[in-house]
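I have placed the structure first, in the form of structure tokens, so that the comments after it can refer back to it.
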Amino acid sequence: MPEARTPEQIEADIVRRREQLAETLDEIGVRMHPKTIVGDAKAKVAGAVDHTAGRAFVAVNRLVTDVKGGLRDDGGAPRIERIVPVALVAVALVGLLALGARRKRA
């Protein structure tokens, strides 16, 4: 059979539980504070952006490496038959962009 508790033991138990409840309420207050919620949301968004930016960087880096590999032969010498068309396309795009910007200003 359980032992009977003294009034002092019961009072000490009530005080301890009250303190635990106060700590729990303080923690809930901190978690539910608007600044905490906004900070958590910012951290999640920043993590997602960092992850996406990292994946984009890797993809672009891989693409650049592949393009560079296609513009050189096995010995590392430039392949003129591939470089000239790429350069002509790049010059044409720059020219079209410049022409479009010029027409907008006029």
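ILE14 sits with roughly 90 Å² accessible to a 1.4 Å probe, with DNA, RNA and ligands left out of the calculation.
Between the amide H of ARG72 and those of ARG79, distances stay under 5 Å, these residues lying 5 or more places away or on another chain, with hydrogens modeled in the peptide plane. Couplings for the range 27-34, taken from phi via the Karplus curve 6.51 cos²θ - 1.76 cosθ + 1.60 with θ = phi - 60°, read 5, 4, x, 5, 5, 8, 5, x Hz in order; Gly and Pro are left as x. According to the square roots a ≥ b ≥ c of the eigenvalues of the Cα gyration tensor, what is the shape class of the chain, taking rounded for a/c under 1.5, prolate for a/b larger than b/c otherwise, and oblate for the remainder? Oblate is the answer for the chain, as a/c is 1.5 or above yet b/c matches or exceeds a/b. Karplus-based coupling profile of the range 49-61, in residue order and whole Hz: 5, 4, 5, 5, 5, x, 5, 5, 4, 4, 5, 5, 4, with θ = phi - 60° in 6.51 cos²θ - 1.76 cosθ + 1.60 and x standing for Gly or Pro. Note on the range 59-106: dipole from Cβ charges, positive end direction compared against VAL91, PRO78, VAL64; the farthest Cα belongs to VAL91.
State to the nearest 20 debye the size of the charge dipole of the chain about its Cα centre, where the only charges are +1 on K and R beta carbons and -1 on D and E beta carbons.
Roughly 1360 debye, rounded to the nearest 20.
The values are calculated or read from the model by the stated rules, or taken from the named source; none is laboratory data. These numbers come from a predicted model, not from an experiment. Quick reminder, even Gly has a Cβ in these numbers, built from the backbone with ideal geometry, and neighbours come from all protein chains shown. Each accessible area value is taken on the protein alone, full model and side chains, heavy atoms only, with ligands, DNA and RNA left out. Shrake-Rupley method; radii C 1.70, N 1.55, O 1.52, S 1.80 Å.
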